[in-house]
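One structure is given below, encoded as structure tokens.
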Amino acid sequence: MKLKGYILAALAAATYGTNPAFAVPLYGDGMNPTSVLLFRYLLSLPILLLIILGRGWNLKLNRRELAPVVILGVLMGLSSLGLFESYKYMNAGVASTLLFMYPVMVALLMTFFYHERFRITTGICLAIMTAGLLLLVRTDGGDAEGGVSLVGFLLVFLSSLTYAVYLVMTNVSTKIKGIPTVKLLFYQLLAGSSVFIFMLVAGEPLTLPGGLNGWTDVTALALLPTVMSLYCTTAAIHCIGSTPTAIFGALEPVTAVVLSVVLLHQPMSTNEILGGLLIIIATSLVVASDPVDHALLRMRRLFPRLRR
């Protein structure tokens, strides 16, 4: 079960990292983040509906399930909006890298509010990934071409925080445990779409994809970082919990940076390469968390002075 959870978490993170590769070209064609996300969510719904009907599930939710599902959907929508808006203010790879503040938030939320044991390897992984993030983040400017702007950072912080709360709620809410993953995602995306509809009603203009390439990009957004990534995320949480799933999200900024270089032709520095390697090391350490914890405890017993 753990191995399956690790694979699902890694797949979820890698596919979520494809967001910039499809979103940034749509911005270049004149679409705004709200419209991109609305099409992304709405195009995902028929795919999930076909899966639900194909498996013979009904679409009913009982009253006790409705409220948490709507809340999770709104959190998901706010997280997506914060990230996609940040692409306008900074390099998309940097924004996706900064999004990875959420594992720290998840670990803290689970520790302080739900009394989850803070493992030794979790602390080590967070320390290694912090070093990796510091290397990945460039500060050579404050515009959309590179560097970190204050507005962009605040948008990513909002995205990271709402996603962390989403992960924790998914893990601890007993009211949604019995809902099949695909059905849960269908209603979450439906509820999340209300965030973008509200933005349009508030005055944000609706922009359409331009030509075949535009529709291909929004369809890819619906399939990879939406249906596939969110399905794998939810399934991974049920297998291994919120904190390991969040830490495996380290693969998301690595994927985003690589695709930004290959597809968007954005430069990649030595710091970004080294930072990506540190994140991969930290992710690998999660898989070996049990034996590493046991080894560290044995070392403490062998060297009593370490306890002081």
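The values are calculated or read from the model by the stated rules, or taken from the named source; none is laboratory data. Remember, predicted model here, so these are calculated numbers, not experimental data. Note that we place each Cβ from the backbone using ideal geometry, even for glycine, and neighbour counts take in every protein chain shown. We work out accessible area using only protein heavy atoms, side chains counted, and drop any ligands, DNA or RNA first. Shrake-Rupley method; radii C 1.70, N 1.55, O 1.52, S 1.80 Å.
Points worth noting:
- The Kirkwood hydrodynamic radius of the chain, based on inverse pair distances between different Cα atoms, is 19.9 Å.
- Cα shape, the stretch 41-88, gyration tensor, a/c 1.5 rule: oblate
- Across the stretch 188-200, computed HN-Hα scalar couplings (Karplus, 6.51 cos²θ - 1.76 cosθ + 1.60, θ = phi - 60°) run 5, 5, 5, 5, x, 4, 5, 4, 6, 5, 4, 4, 5 Hz from first to last residue, x flagging Gly and Pro.
- As computed over the stretch 14-95, the Cα convex hull volume per residue (Å³): 116
- With every protein chain in place, the chain: carbon and sulfur % of accessible area (1.4 Å): 70
- 3J(HN,Hα) along the stretch 85-99: 5, 5, 4, 6, 10, 7, 3, 4, x, 5, 4, 5, 5, 5, 4 Hz, from the Karplus curve 6.51 cos²θ - 1.76 cosθ + 1.60 with θ = phi - 60°, whole Hz, x for Gly and Pro.
- Straight-line cross-link reach from residue 4 at under 22 Å between alpha-carbon atoms covers these lysines, not counting any fewer than eight positions away in the same chain: 177, 183.
- Per-residue HN-Hα couplings for the stretch 48-57 [Karplus 6.51, -1.76, 1.60; θ = phi - 60°; Hz; x = Gly/Pro]: 5, 4, 4, 5, 4, 5, x, 8, x, 7
- Segments 243-249, 154-160 sorted - mean Cβ within 10 Å per residue, highest first: 243-249, 154-160
- Per residue of the chain, the DSSP helices (runs of n ≥ 4 H) give a summed -39500 (n - 2.57) that works out to -24000 deg cm²/dmol at 222 nm.
- Per residue, the solvent-accessible area of the stretch 32-113 (1.4 Å probe, heavy atoms of protein chains only, all protein chains present) comes to 40 Å².
- Cα pair count fraction exceeding 20 Å, expressed as % - the stretch 160-215: 48
- The stretch 152-282 - Debye-derived log10 I(q)/I(0), Cα point model, q = 0.10, 0.12, 0.14, 0.16 Å⁻¹: -0.44, -0.65, -0.88, -1.12
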